[in-house]
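Note sheet for the following structure.
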Amino acid sequence: MQQPSTRQDYGSDPLAVRDSEKYQEEYIEGFVDKWDELIDWDARAQAEGQFFIEQLRERGAKKVLDVAAGTGFHSVQLLEAGFEVTTADGSPVMLAKAFENARRRGHILRTVHADWRWLNQSVHDLYDAVICLGNSFTHLHEELDRRKALAEFYATLRHDGVLILDQRNYDALLDHQVQPTHNYYYCGDNVRAEPEHVDDSLARFKYSFSDGSAYHLNMFPLRKAYVQRLMREVGFQRVDTYGDFQETYRETEPDFFIHCAEKA
Ligand code: SAM
């Protein structure tokens, strides 16, 4: 895997960067340090409430694999709620930050450095649940990568396990149903997240911080129905999708969709 550099570099044509490996370079230390300010743990905990904990408990899940740990928000939340958690991410910078954040809260995270596409090379256990949250799946730019990752998640789940994966409501963005100035729910007050460019295979977002710094992410704009279809095609039997943590919602309204995909 590539080492993270100290500066984001999209070359001379940033809109041409549509690459599933790019996340390794996008999450440079400066951005990762800002990430907690971006997601604002307290505001996020309040916005999410008990949603994920309830989804997991309803299904009797105890052992959870967080495959997109980022800075560790959900791993820590679930540990504190009594789940047995393993924390994975493909970015060593993110994993180090997650470990440090958890340690400051009195937890020692069990971490695994793994890219989703080859998850089972590093993860040899079976889990009741896999979580892939915070609009992470959007980092895969090729359909083959998305299928491979979902198949790896499927394989690490017990026979009746559940995959919980969320995504930004890109349908609303692609269909021009949200204002570009719209601010997204899990951002801290001092951060702006704005789409700089959107087409059928790229959503380039700019994250601007109060100290004047700015970073970008080049993501694949996942349509909700497409993700549901992929999940079914890799073998998940039932996919329930929530809009901003609600069972009923108008398609254009939610910022985020949360898919709960059951294996049995
Ligand atoms: N879940 C965290 C949250 O909600 O704050 C982090 C979300 S962040 C948008 C996306 C995370 O997915 C990053 O930590 C990144 O390193 C990880 N990621 C992206 N592509 C990956 C891949 N192919 N394999 C493993 N991790 C990946």
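Throughout, read-outs are computed from the coordinates displayed, never taken from laboratory work. Small disclaimer: the values here were computed from a predicted structure and weren't measured. Positions of Cβ are backbone-derived with ideal geometry, glycine not excepted, and every protein chain shown enters the neighbour counts.
Below is a table of values for the structure above.
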item	result
Net charge of neighbours whose Cβ lies under 11 Å from the Cβ of THR156, counting Lys and Arg as +1 and Asp and Glu as -1	0
Label point 7 Å beyond Cα of GLU58 along Cβ direction - residues of segment 202-240 with amide nitrogen under 17 Å	237-240
Under Karplus coefficients 6.51, -1.76 and 1.60, residue-wise ³J(HN,Hα) of segment 259-264 in Hz, glycine/proline x	9, 10, 10, 9, 7, 10
Assigned charges on the beta-carbon of Lys, Arg, Asp, Glu; segment 104-234 dipole about Cα centre (debye)	280 debye
Per DSSP, loop GluC sites (Glu not before Pro) in segment 105-157 with at most 14 further Cβ within 10 Å	GLU142
Exposure proxy order (Cβ contacts within 10 Å, fewest to most) of ILE28, ILE164, ILE258	ILE28, ILE258, ILE164
Long-range HN-HN contacts of VAL130 with modeled amide H, under 5 Å	LEU65, VAL162, LEU163, ILE164
Net charge of neighbours whose Cβ lies under 15 Å from the Cβ of ASP125, counting Lys and Arg as +1 and Asp and Glu as -1	0
Built amide H within the under 5 Å cut-off of LEU140, gap 5+	PHE220
Environment charge of ASN135, counting only residues whose C-beta is closer than 12 Å and scoring Lys/Arg +1, Asp/Glu -1	-1
Estimated FRET transfer efficiency (PHE51, GLN177; beta-carbon r; R0 41 Å; 0.05)	0.95
DSSP bridge pairs, segment 98-254: antiparallel proportion in percent, nearest 5	75 percent
Modelled FRET efficiency - R0 35 Å, LEU144 with ALA43, Cβ distances, 0.05 increments	0.45
Neighbour cut-off at most 14 other Cβ (10 Å), DSSP loop, trypsin sites (Lys or Arg not before Pro), segment 43-99	LYS62
Derived scalar couplings ³J(HN,Hα) [segment 18-34; Karplus, 6.51 cos²θ - 1.76 cosθ + 1.60; whole Hz; x for Gly, Pro]	9, 9, 5, 7, 4, 3, 4, 8, 6, 8, 6, 4, x, 6, 4, 4, 7
Segment 195-248: GluC sites (Glu not before Pro) falling in loop per DSSP and having at most 15 other Cβ within 10 Å	GLU247
Using θ = phi - 60° and Karplus 6.51 cos²θ - 1.76 cosθ + 1.60, couplings along segment 229-234 (whole Hz; Gly, Pro as x)	5, 4, 4, 5, 5, 7
For segment 1-160: rounded, prolate or oblate by the Cα gyration tensor [a/c cutoff 1.5]	oblate
Ranked TYR23, TYR10, criterion: other C-beta atoms within 10 Å, fewest first	TYR10, TYR23
Residue (of ALA203, VAL234, PRO254) at the positive-pole extreme of the chain, dipole from beta-carbon charges	VAL234
Length-normalised contact order of segment 122-264 in % [C-alpha pairs under 8 Å, at least 6 apart]	28 percent
